[in-house]
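Each remark here refers to the structure printed beneath this line.
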Amino acid sequence: MLIAFFIIIVIIATILFGGLLYLLYLPFNNWLVKSDKLTGKLSQQINRTFLFSLCIFAVALYSFMDYRTPSKERLQKVADIKLPSDFKVLKDEYQDMWQDYCILYDIQLGNYATTELIENIKASKFYNKTSFHQGVWTEKDFVTVDSVKGVWCKSLTGFAFTRQEERMSYSIELDTTTNLLRYNECAD
């Protein structure tokens, strides 16, 4: 939905920009045609070339822009945590498969940052202190907040998170021995 909005904005901006350029060109074109320095056929060819160039410009503009919300913001919003400011991004991949996509976001934390993150996890509205993740999620693990089901809990390697919404699935693993956090967001 958001991508469609940006596509429409890019198309409108291109049309406005192209229209302004064409309005500036029209008096010059008319003068060239009236003074027989430009034929009607050549004028039409220039107009078609201009329209084609505008289309290429719009496609190029859209392809170079990144409309995706940064992975850090997505992770913090989905998991109801705040990441520490001190970490190193190891991987930030967006794998697009038309309407399906996957975001892989791995970060390396320092010891102090990991401790700070653990405190933030324990303060999350999705934290379940009585649950322990051993590879399989059960219904009793989940915490429901505002009709959204998710869970943060301790795991064999540190802490784990999962959340499912319609066709979206989110998972996070925090390995407290290596201070590595792995975030995975998929839509299918």
Being aliphatic (A, V, I, L, M) and in a strand (DSSP E or B) is the filter; apply it to the stretch 147-177 and report the residue that is farthest from residue 109 (Cα to Cα). 148
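Matching residues to (1) modelled with pLDDT of 75 or more; (2) under 25 Å from the mean Cα position of the chain (by Cα); (3) outside the structural domain of residue 12 (by TED's automatic domain parsing):
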position: 25; (1), (2), (3): yes, no, no
position: 30; (1), (2), (3): yes, no, no
position: 35; (1), (2), (3): yes, no, no
position: 40; (1), (2), (3): yes, no, no
position: 43; (1), (2), (3): yes, no, no
position: 48; (1), (2), (3): yes, no, no
position: 53; (1), (2), (3): yes, no, no
position: 56; (1), (2), (3): yes, yes, no
position: 59; (1), (2), (3): no, yes, no
Does residue 37 count as of a type in the set (Lys, Arg) and not in a loop (DSSP other than H, G, I, E, B)? no
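The values are calculated or read from the model by the stated rules, or taken from the named source; none is laboratory data. Computed from a prediction, not measured in an experiment: that's the story for all the values here.
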